[in-house]
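The next block holds one structure in the form of structure tokens; read it before the comments.
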Amino acid sequence: MTEFLAEELDRFCYWQTERESIRVKKEEYKLPAPWTDDPILQEFKFCQVFREDDRTTRWFRTHIREPLANSSDVIMATIIFRWFNFIPTGRTLVENDLHRNWDGDKAIQLIRKQPKWVTGSYIIKTPNGMDKVTGVVDCINNVWKDKDWITKRLEHDKKEGTSSLKSAWTLLRQYPYMGPFMSYEVVTDLRHTYVLDEAEDIMTWANAGPGAMRGLNRLTGRPLDFSHRSHDWNTEMQELYQIVIRRLPAHIAMRNDRVYELRDIEGGLCEFDKYSRIFKNEGRTRSIYKINNLPEVEDLIEGESKYGKSE
């Protein structure tokens, strides 16, 4: 059994509890900012405790994933959207049916008209010598040509009762520039569709990225730069899950519209690492929460937002 440091474990649970409290005060009770007395959470941006509550995921869920949840089109539509991961680009894709009937040349022409093309949330790697739109389109083209084969593989596993997040992740990773992170984002979305809704490892497997590894290193007292891929990160996340699920308040652990899964441990570890870095004066994070330029969510179901001075 992994031994987690009590002080670090307390901080991990505190971060998740306080971050969810901010969401509840802001979205459910409609209270004015600030929604916390924690100076770190007031100043810096952190992802939601549940990825499903993040604004981009809300938009994607409403406009792409849920309408296609029982259609084989959802596989490529998810890959296409997540490779850009930007709501305005998502609108362009949906309005021109490019998420279901992909046309790379048309996508380049239309998306280039936008002032911004891709997310700033994470680094999107594409072939050298191409601008970002052309590079992403090239990557999508490589997967699109195999869409029927990918669909048959995933549907076969579902029919045989052997579908798993890890096997789908491994399948997608073979494509150029998909990589561990991007594949994991796609698999996390497909978990909520007919493709992977019965995956056997929803509660037992997650892909530990660099941030999650650092979070686990903090919790166990290891050097922060320890990142051996041969280390059993997954077992540690499972053990942490069993502890945390008993310590989190009921409104998180047993939320009516969300199930707390191993994915929430993995994502929480990344944000916990960011929070700890600032808490311990080890550095800062590039995402600043500008109180005078807050996203004011107009429709939580649609996931749309406008920006303006907070009241």
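The values are calculated or read from the model by the stated rules, or taken from the named source; none is laboratory data. For clarity, every value in this text was computed on a predicted model and none was experimentally measured. Cβ coordinates were reconstructed from backbone atoms using ideal geometry, including for glycine residues, and neighbour counts include every protein chain displayed.
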Single unsatisfied condition, ASP197 versus (1) touching a helix residue (DSSP H, G or I) at 6+ places or on another chain (Cβ under 6 Å); (2) closer than 15 Å to LEU165 by Cα; (3) surrounded by fewer than 22 Cβ atoms within 10 Å (Cβ to Cβ): (1)
Looking only at region 238-272, count every residue that is among the small types (Gly, Ala, Ser) and touching a residue at least 60 places away in the same chain (Cβ under 8 Å) and tell me the total. 2
Of all residues in region 96-117, which are farther than 18 Å from TRP144 by Cβ and surrounded by 14 or more Cβ atoms within 10 Å (Cβ to Cβ)? GLN114, TRP117
GLU8 in contact with an Asp or Glu (Cβ under 8 Å, 6 or more places away or on another chain), part of a helix (DSSP H, G or I) and either surrounded by 15 or more Cβ atoms within 10 Å (Cβ to Cβ) or on the phi > 0 side of the Ramachandran plot (or both): no
For region 163-205, name all the residues that are closer than 18 Å to THR126 by Cβ, part of a helix (DSSP H, G or I) and free of Cβ contacts under 8 Å to residues at least 12 places away in the same chain. ARG173
Report yes if THR62 is part of a helix (DSSP H, G or I), surrounded by fewer than 18 Cβ atoms within 10 Å (Cβ to Cβ) and not assigned by TED's automatic domain parsing to the domain that holds LEU219, otherwise no. yes
Can you confirm whether region 222-234 contains a residue that is touching a Phe, Trp or Tyr at 6+ places or on another chain (Cβ under 8 Å), in contact (Cβ under 8 Å) with a residue 24 or more places away in the chain and closer than 18 Å to MET76 by Cβ? no
Which number in (1) in contact with a Ser or Thr (Cβ under 9 Å, 6 or more places away or on another chain); (2) of a type outside the set (Val, Ile, Thr); (3) buried (at least 18 other Cβ atoms within 10 Å of the Cβ); (4) over 30 Å from LYS158 (Cα atoms) marks the one condition that MET76 misses? (4)
Over region 136-162, the set of residues assigned to a helix (DSSP H, G or I), more than 19 Å from LEU98 (Cα to Cα), of a type outside the set (Lys, Arg) and without any contact (Cβ under 8 Å) to a residue 60 or more places away in the chain is TRP149, HIS156, ASP157, GLU160
Scanning for something outside any helix (DSSP H, G or I) and of a type in the set (A, V, I, L, M, F, W, C), does region 103-110 turn up at least one residue? no
Residue count, region 65-79 (criterion: without any contact (Cβ under 8 Å) to a residue 40 or more places away in the chain and either closer than 19 Å to ARG173 by Cβ or in a helix (DSSP H, G or I) (or both)): 2
Name the residues in region 38-58 that are buried (at least 21 other Cβ atoms within 10 Å of the Cβ) and assigned to a helix (DSSP H, G or I), would you? THR57, ARG58
